[in-house]
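A short worksheet on the structure shown next.
FYI, it's all coordinate maths here, none of it is from the lab. Everything quoted here is computed from the prediction, not taken from an experiment. Cβ sites come from the backbone with ideal geometry, for glycine too, and all protein chains shown count toward neighbours.
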Amino acid sequence: MTSERPGRGRVVLVATPIGNLGDLSPRAKDVLGSAGVVYCEDTRRTRALMSSAGLRAGHRLRSLHAHNEASRIPEVLGHLEAGTTVAVVTDAGMPGISDPGAQLVAAAIDAGFDVTVVPGPSAVLAALVVSGLPSERFCVEGFLPRKGSARRRRLAALLAEQRTSVVLESPRRLAATLAELAASAPDRPVAVGRELTKLHEEVWRGHLDGAATHFASREAKGEVVLVLGGAAAGTTRREVAAGASLTEDPRRVGGSGPSCDVAIDAALATHLAQGLSTREAADAVARAFGVSRRRAYEAALALRRSGTGR
C-alpha cells in the first residue's frame with residue numbers, strides 16, 4: 001500500500017482498540033504505517049499505539065478533535081488535493097461514532113474524494129452483543145446531555161424507545177442515570193459494560209432497579225457503556241407517563257418530589273443501611289448525582305428522622 005497517489009488522495013477511517021492493543025488489525029497497521037499523514041484525537045495516545053505496534057509515527061501525526069475538527073478540514077483537503085492518503089483515528093474505536101471524524105468525512109465526500117474504512121473495535125457493538133439483549137433492531141444514543149431540561153427529555157425518550165438503546169455514559173454520572181431511569185421503569189432490562197476488552201472487564205446484567213442499587217453503592221471506574229432494553233409496545237405509553245416527572249425541575253427535595261428526588265432518597269437509604277454516617281452518605285450521593293452536599297445532607301437527615309435510613 002502506498003501513501004501517495006498522483007492527483008487525488010483519499011481518507012481512510014481506521015478503527016483502533018478500545019482497550020486491548022491486540023485488537024489492532026493487520027490492515028490497520030498497514031494503513032497507519034503507510035499513510036502520508038495521520039489525524040488523531042490525541043497525538044500522544046496515537047503515538048503510543050503506533051509504537052506498541054512497531055510503527056514509526058515520525059512527523060506524520062496531526063491533532064483532530066472535537067474543538068478543532070472544523071478548522072482542520074481545509075488543511076486535510078489540501079493533503080487530499082496533493083494525492084496524500086490521510087488516515088483518521090480516535091483514541092479508541094471507530095472515528096465518527098460519538099468521536100471526531102463525521103464533519104471531515106462529509107467535507108471530503110462533498111469535495112469528491114474517496115473515503116474508505118478499516119473496520120474494527122467498537123465499544124457500541126461490543127457492549128450490545130455481550131448484553132444478552134435483543135440486537136435485531138437497536139439505536140445508539142451516544143452521550144446524554146449532562147444536565148437540565150435537555151437531559152431530562154432524553155431520559156424520557158429512552159424510556160419510550162422500543163428498540164434496544166446503547167448509551168455512552170461517564171462513570172461519574174452512571175449512578176444518577178441508572179437511578180433516574182429506574183425511578184420510572186424499575187423492571188426494564190439493562191446491561192452495564194465497563195472496561196470492555198480490558199483486564200478488569202465487567203458486564204453487569206439485570207434490571208434497572210438492581211443496577212441503580214448496585215452502582216449507587218460503588219464507584220464505577222473506566223469506560224462505561226449502558227445497554228437498555230426497549231419498551232414493550234403495550235406499555236410504552238404508561239411508562240412515558242410514569243417518567244413524565246423527568247421533565248420537571250429536579251432541584252426540589254422531598255419524598256413527594258420528582259423522580260430524581262426519589263432516586264436520591266433511595267441511594268441515601270442504601271448507604272445509611274450499610275452503616276455510613278449521615279455526612280458520609282450525603283457526600284457519596286452528592287458526588288454520584290451531581291447535587292449539592294447541603295441538599296443531600298438535608299435529605300439524609302429527613303430519612304434519619306423518619307426512621308427510613310436507620
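The table below gives the values:
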read-out	value
Residues with amide H under 5 Å from that of Arg163, placed H, sequence gap 5 or more	Ala231
Highest-MSF residue in the chain out of Leu208, Leu13, Leu49 [GNM, Cα springs under 10 Å]	Leu49
For the chain, the fraction of alpha-carbon pairs in successive 10 Å shells from zero, as %	6, 24, 26, 21, 14, 7, 2, 0
Charge dipole (debye, nearest 20) of the range 259-306; +1 at Cβ of Lys and Arg, -1 at Cβ of Asp and Glu	160 debye
GNM top mover of Pro121, Pro134, Pro100 - the chain, alpha-carbon springs below 10 Å	Pro134
Most mobile of Ile264, Ile18, Ile73 in a GNM of the chain (Cα contacts under 10 Å)	Ile73
Principal-axis tilt of helix 69-81 within the chain, Cα atoms, nearest 10 degrees	20 degrees
Residue (of Leu174, Ala107, Gly290) at the positive-pole extreme of the chain, dipole from beta-carbon charges	Gly290
Residues Phe113, Phe289, Phe143 arranged by fewest to most Cβ contacts within 10 Å	Phe143, Phe113, Phe289
Degrees between helix 148-160 axis and first principal axis of the chain (Cα, 0 to 90, nearest 10)	90 degrees
Cα-based equivalent ellipsoid, the range 1-99: semi-axes from gyration tensor eigenvalues, Å	20, 16, 11
Helix-only CD estimate at 222 nm, as mean residue ellipticity for the chain, using -39500 (n - 2.57) per DSSP H run (n ≥ 4)	-13000 deg cm²/dmol
The range 51-171, relative contact order [Cα under 8 Å, separation at least 6], %	19 percent
About the Cα centre, charge dipole magnitude for the chain (Lys/Arg +1, Asp/Glu -1 at Cβ), debye	700 debye
Ellipsoid equivalent to the range 124-247 - semi-axes via the Cα gyration tensor, in Å	21, 16, 13
